[in-house]
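One structure below.
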Amino acid sequence: MSEAIADRDIDRSQMQVSDEVAIQITGMNKWYGTFHVLKDINLTVNRGERIVIAGPSGSGKSTMIRCINRLEEHQQGQIIVDGTELSSDLKNIDKVRSEVGMVFQHFNLFPHLTIMENLTLAPIWVRKTPKKEAEEVAMHYLKKVKIPEQAHKYPGQLSGGQQQRVAIARSLCMKPRIMLFDEPTSALDPEMIKEVLDTMIELAEEGMTMLCVTHEMGFAQAVANRVIFMDQGQIVEQNEPYEFFNNPKSERTKLFLSQILGH
Amino acid sequence: MANPSKNNIAYVRTTMLTEQAPPITAAGPVLWIRTNLFSGPFNTIATLVGLYCVYWLVGHIGPWFLYSVWNANSLAECREILNGVNAACFGVIKDRWHQLLFGFYPPEAYWRPTLAFVLMIVAMAPILFESVPRKVLWFSAIFPALAFWLLWGGTIWFSVVGMLGFGIGYAVYRALVKNMLLATIAAVLVPILFWLFLLGPISGALSEALPIGIRKIDSDEFGGFMISIIIGVTGIALSLPIGVLLALGRKSDLLLVKWICVGFIEFIRGVPLITLLFTASLLLNYFLPPGTNFDIVLRVVIMVTLFAAAYMAEVIRGGLAALPQGQYEAADALGLDYWKAHRLIIMPQALKISIPGIVNTFIGLFKDTTLVVFIGILDPIGLSNAIRADSNWNGIYWELFGFIALCFFIFCFSMSRYSQYLENKLKTDHR
Ligand SMILES: Nc1ncnc2c1ncn2[C@@H]1O[C@H](COP(=O)(O)OP(=O)(O)OP(=O)(O)O)[C@@H](O)[C@H]1O
Ligand SMILES: [Mg+2]
């Protein structure tokens with residue numbers, strides 16, 4: 001798993017964690033009907049942190065990061081993103097969503113729009129950026145993810161890896177301060193995984209605050225400053241990557257690591 | 001010439017062969033006929049049977065068209081000319097086409113519906129085809145009022161002041177836009193109040209001050225394809241947006257909105273259109289304040305629209321259900337609000353998926369306009385009865401109904417072709 005990024009030197013000069021708090025989750029609980037999915041989640045993310053969230057299937061990883069931009073509603077506790085508390089107040093939700101980018105496992109590009117339209121839609125309609133300017137910004141990010149030549153194609157004409165890079169670029173066009181990734185590489189073939197991870201590493205190198213749900217442990221070792229292990233809706237263990245992988249404390253973590261690394 | 005000699009294997013071609021036409025069995029019509037018509041015993045038999053059917057049909061119907069009589073003023077005269085030959089008597093269409101098209105509309109005013117029809121095509125062009133300049137949309141916006149004035153006549157001020165209602169609604173919305181809910185409610189209510197209480201007096205006063213108008217023509221003189229098109233096109237144009245709102249309402253989180261929409265859809269789908277039409281023609285008068293003269297065509301248009309809208313809502317709901325949840329999530333995650341997400345992301349895709357169902361409903365609606373004959377409106381079917389009741393044309397069937405069927409077919413088939421064009425144009429998924 002780690003070979004995907006082994007050949008890359010990581011530039012750490014801008015990867016600094018500041019004291020400023022980006023996300024603060026305190027005592028958060030969530031239920032689906034009577035099923036208690038998230039149990040007493042407490043998590044503080046500082047600006048510039050790169051956090052990898054791991055855990056077995058069904059442990060609530062997706063649900064937790066989807067609560068951060070209110071794709072899911074929590075029932076108890078407090079989530080404060082960039083100083084804005086998430087409640088049923090629609091204004092706050094829109095504010096948080098326009099500051100937080102999200103990348104999905106299945107890309108979720110808009111198939112009826114060209115790549116360029118996918119990228120400029122939110123800046124034009126949410127941020128009220130003039131079309132010209134939005135297109136320039138979009139082109140900048142398309143170059144960054146190395147597919148400027150695809151701008152006028154439709155998502156259906158691109159490979160999976162290209163689509164995911166477009167999805168990342170689409171989020172970046174909103175100039176978010178925080179990026180959430182929900183298994184961005186799980187729907188991809190190995191060679192495409194590398195393209196997408198490269199893009200994510202570049203983002204990390206620029207100091208973006210990132211929360212990634214991923215099974216790419218190589219990525220976690222290379223760029224994360226913290227790994228969070230979840231099981232049964234709870235945060236079981238969190239540590240910096242070296243300690244997490246080489247010296248796991250809880251039995252569940254050890255079992256999980258042996259399953260995912262020990263093949 | 002370099003003939004390859006026996007013990008010399010080296011060989012150089014000195015003359016190039018010219019291209020030759022393929023053998024007759026490898027390309028062209030013969031190949032086509034072989035592969036498509038005679039590619040096996042079953043296909044061969046099917047082809048022969050098919051050919052015989054075509055031969056039989058042409059043999060029987062051909063002469064009916066071939067010897068048809070166009071110049072006759074009654075069925076008796078026509079029979080005399082035919083002198084025992086079994087052939088069509090299209091004289092009835094030549095004699096009565098104006099009735100089939102316009103009903104009992106005054107002949108000197110035929111130019112009005114004709115002009116309205118031509119302008120309708122202009123107004124529809126920018127909506128149907130992207131290559132038409134967008135500026136024409138302004139004309140599309142005022143066309144309904146213009147058509148209303150052309151068809152019913154009277155003072156022009158009624159239409160002008162009526163259009164003003166939309167302007168007032170927009171102004172109210174802009175003034176209150178800070179509070180979205182209030183602005184939306186006011187933007188709907190204020191124009192309705194304006195139409196109910198101010199439209200009559202204001203347009204009356206204006207027409208006294210400046211009488212511009214054309215002869216007023218009442219609904220009971222309307223008829224023929226004109227009435228089918230008025231009801232059909234208005235119904236089509238209104239049922240789609242209402243259907244979209246109903247479909248969204250049915251999925252709404254607001255329970256009240258949801259139950260109103262579900263109730264409406266299920267009620268309308270649960271009753272036959274003909275009962276709604278009878279309600280429109282008979283019962284509505286009991287509920288309206290006495291003395292109000294609520295135009296019968298307008299009442300029918302409302303009923304047909306509501307009926308089609310309920311079906312439309314379900315068709316669009318199907319399209320919405322076919323969209324992956326991820327599309328909603330991506331729109332939400334980018335910070336698009338409900339209306340923007342639906343307008344830019346959800347509806348374009350859901351409508352595209354629903355095109356076949358939508359056009360199905362449109363075609364059904366257009367054909368259902370013939371039901372108005374049962375409430376005494378003289379649509380083409382009603383007129384055909386009237387024509388056959390005339391002693392001149394008593395006993396004629398095929399020619400009249402064939403003509404009506406042909407006209408309906410042209411309209412419905414165009415809709416079907418347009419929907420295919422649209423589906424192809426919107427195909428971006430490259431699956
Ligand atoms: N909409 C829902 N309604 C009810 N239960 C749900 C819903 N979504 C998820 N769950 C349940 O919540 C639990 C957590 O789901 P979640 O998707 O967060 O897991 P995950 O850690 O992301 O798993 P995976 O690695 O498979 O993506 C699972 O047991 C799942 O079955
Ligand atoms: Mg998940």
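The values are calculated or read from the model by the stated rules, or taken from the named source; none is laboratory data. Quick caveat: nothing in here was measured; it's all calculated off a predicted structure. Cβ atoms come from the backbone with ideal geometry, glycine included; neighbour counts cover every protein chain shown.
For the range B:327-337, check the following and say yes or no: at least one residue is modelled with pLDDT under 95 and of a type in the set (S, T, N, Q).
Looking through the range B:327-337, none of the residues is modelled with pLDDT under 95 and of a type in the set (S, T, N, Q).
Report yes if some residue within the range B:413-420 is farther than 30 Å from B:W97 by Cβ and assigned by TED's automatic domain parsing to the domain that holds B:V300; otherwise report no.
Taking the range B:413-420 and keeping what is farther than 30 Å from B:W97 by Cβ, we get B:420.
Subsequent filtering for residues that are assigned by TED's automatic domain parsing to the domain that holds B:V300 retains B:420.
Yes, the range B:413-420 contains a residue that is farther than 30 Å from B:W97 by Cβ and assigned by TED's automatic domain parsing to the domain that holds B:V300.
How many residues, within the range A:121-143, are more than 11 Å from chain B (Cβ to nearest Cβ) and assigned to a helix (DSSP H, G or I)?
13
If I filter the range A:105-115 for residues that are assigned to a helix (DSSP H, G or I), at pLDDT 95 or above and not basic (K, R), do I get at least one hit?
Within the range A:105-115, the subset assigned to a helix (DSSP H, G or I) is A:115.
Okay, now just the ones that are also at pLDDT 95 or above, so A:115.
Keeping just the survivors that are not basic (K, R) gives A:115.
The answer is yes, given that some residue of the range A:105-115 is assigned to a helix (DSSP H, G or I), at pLDDT 95 or above and not basic (K, R).
Considering only residues that are at the interface with chain B (Cβ under 8 Å from one of its Cβ atoms), of a type outside the set (K, R) and under 15 Å from the mean Cα position of the chain (by Cα), which ones fall in the range A:65-99?
A:N69, A:L71, A:S98 - these are the residues of the range A:65-99 that are at the interface with chain B (Cβ under 8 Å from one of its Cβ atoms), of a type outside the set (K, R) and under 15 Å from the mean Cα position of the chain (by Cα).
Which one of A:E85, A:E73 is within 13 Å of ligand 1 (Cβ to nearest atom), of a type in the set (D, E) and under 21 Å from B:G335 (Cβ atoms)?
A:E73
Here's a check for you: in the range A:233-263, which residue that is surrounded by 15 or more Cβ atoms within 10 Å (Cβ to Cβ) and assigned to a loop (DSSP other than H, G, I, E, B) is nearest to ligand 2 (Cβ to nearest atom)?
In this case the residue turns out to be A:G233.
Quick one: how many residues across the range B:109-129 are free of Cβ contacts under 8 Å to residues at least 40 places away in the same chain, surrounded by fewer than 19 Cβ atoms within 10 Å (Cβ to Cβ) and over 30 Å from B:N73 (Cβ atoms)?
Selection size over the range B:109-129: 9.
If you go through the range A:149-185 one residue at a time, how many are within 16 Å of ligand 1 (Cβ to nearest atom) and among the charged types (D, E, K, R)?
2
Would you please list the contacts, defined by Cβ atoms under 7 Å and residues six or more apart or on different chains, that run from a residue in the range B:90-108 that is at positive phi to a residue that is of a type in the set (D, E, K, R)?
B:G103/B:E221
Here are the criteria: (1) surrounded by 17 or more Cβ atoms within 10 Å (Cβ to Cβ); (2) more than 19 Å from the chain's Cα centre (by Cα); (3) β-branched (V, I, T). Tell me which single one A:I25 does not satisfy.
(2)
Considering every residue within the range B:90-113, establish whether at least one is over 26 Å from the mean Cα position of the chain (by Cα), assigned to a helix (DSSP H, G or I) and of a type in the set (A, V, I, L, M, F, W, C).
yes
With respect to the numbered conditions (1) more than 11 Å from chain B (Cβ to nearest Cβ); (2) modelled with pLDDT of 95 or more; (3) within 16 Å of ligand 1 (Cβ to nearest atom), which one is the sole condition not fulfilled by A:L188?
It is condition (2) that A:L188 fails.
Going by the structure shown, is B:L298 more than 23 Å from the chain's Cα centre (by Cα) and either outside any helix (DSSP H, G or I) or of a type outside the set (K, R) (or both)?
Against the criterion (more than 23 Å from the chain's Cα centre (by Cα) and either outside any helix (DSSP H, G or I) or of a type outside the set (K, R) (or both)), B:L298 does not qualify.
Identify the residue in the range B:320-344 that is over 21 Å from B:M180 (Cα atoms) and in contact (Cβ under 8 Å) with a residue 12 or more places away in the chain and, among all such residues, is surrounded by the most Cβ atoms within 10 Å (Cβ to Cβ).
Restricting to residues being over 21 Å from B:M180 (Cα atoms) and in contact (Cβ under 8 Å) with a residue 12 or more places away in the chain, the top hit is B:A330.
Got at least one residue in the range A:188-209 being surrounded by fewer than 22 Cβ atoms within 10 Å (Cβ to Cβ), on the phi < 0 side of the Ramachandran plot, within 16 Å of ligand 2 (Cβ to nearest atom) and in a loop (DSSP other than H, G, I, E, B)?
yes
Only one residue in B:I410, B:I387, B:I358 is assigned by TED's automatic domain parsing to the domain that holds B:M226 and at pLDDT below 90, so which one is that?
B:I387
When only residues in the range A:53-67 that are near ligand 1 (Cβ under 6 Å from one of its atoms), outside any loop (DSSP other than H, G, I, E, B) and out of contact with any Gly (no Cβ under 6 Å at 6 or more places or on another chain) count, which is nearest to A:P241 (Cα to Cα)?
A:S62
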